[in-house]
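Since the structure comes first, as structure tokens, the remarks are kept for the end.
Nothing in this text is a laboratory measurement; each read-out follows from the coordinates by a stated rule. Keep in mind that this is a model prediction, so the values were computed, not measured. All Cβ positions, even for glycine, are placed from backbone atoms using ideal geometry, and neighbour counts span all protein chains on display.
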Amino acid sequence: MRSPKELTRAEILRAASKFRRTRKGMKWTVIVGDRELPARPLVLEAAGVPPNDPTNSHQAVEILRRWGFETRYTREQPEIRTNEKEEFSERVNDSSSILEMVSAVTREVPEREWERVPSDLSINLDHYLYGSKKTDK
């Protein structure tokens, strides 16, 4: 086994031609030919090291960039339907103040949900977020 830092471009291309990965959602990817592959697993495969190798994604991306490969970062974002975006834009325009924006959003929350908010939330925020002891003020 070699260090991933010692890889050559030819070794990466060879590993990419044989690379099979079914797992989706990798944040860092690399373009090799017409395929988009996960960056770190490809580098580890090319180096012949196990998946628990200490090489992190950023190091793998740097190795790939050094050899001239195009890399991409994809943030995982929940899908928002287009009409939901348009509706929100109509309710809150860019010239609104922050208070108007918050007010517009809070009007959308049903009354039964507001009833679920603890009456001491502002005093015991750390308790509700992190489980620390409650304050009796």
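Quick look at the values:
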| quantity | calculated |
| --- | --- |
| Full-stretch length increase - N52, D120 - with 0.36 nm per residue and alpha-carbon distance subtracted | 19.9 nm |
| Cα-centre dipole for the stretch 22-77 with unit charges at Cβ (Lys and Arg positive, Asp and Glu negative), debye to 20 | 160 debye |
| 5 angstrom amide H check on R35, placed H, neighbours 5+ away | none |
| P(r) histogram, all alpha-carbon pairs of the stretch 4-73 included - 5 Å bins from 0, percent | 3, 19, 35, 29, 13, 1 |
| Proxy reagent accessibility, fewest Cβ within 10 Å first, across H58, H127 | H58, H127 |
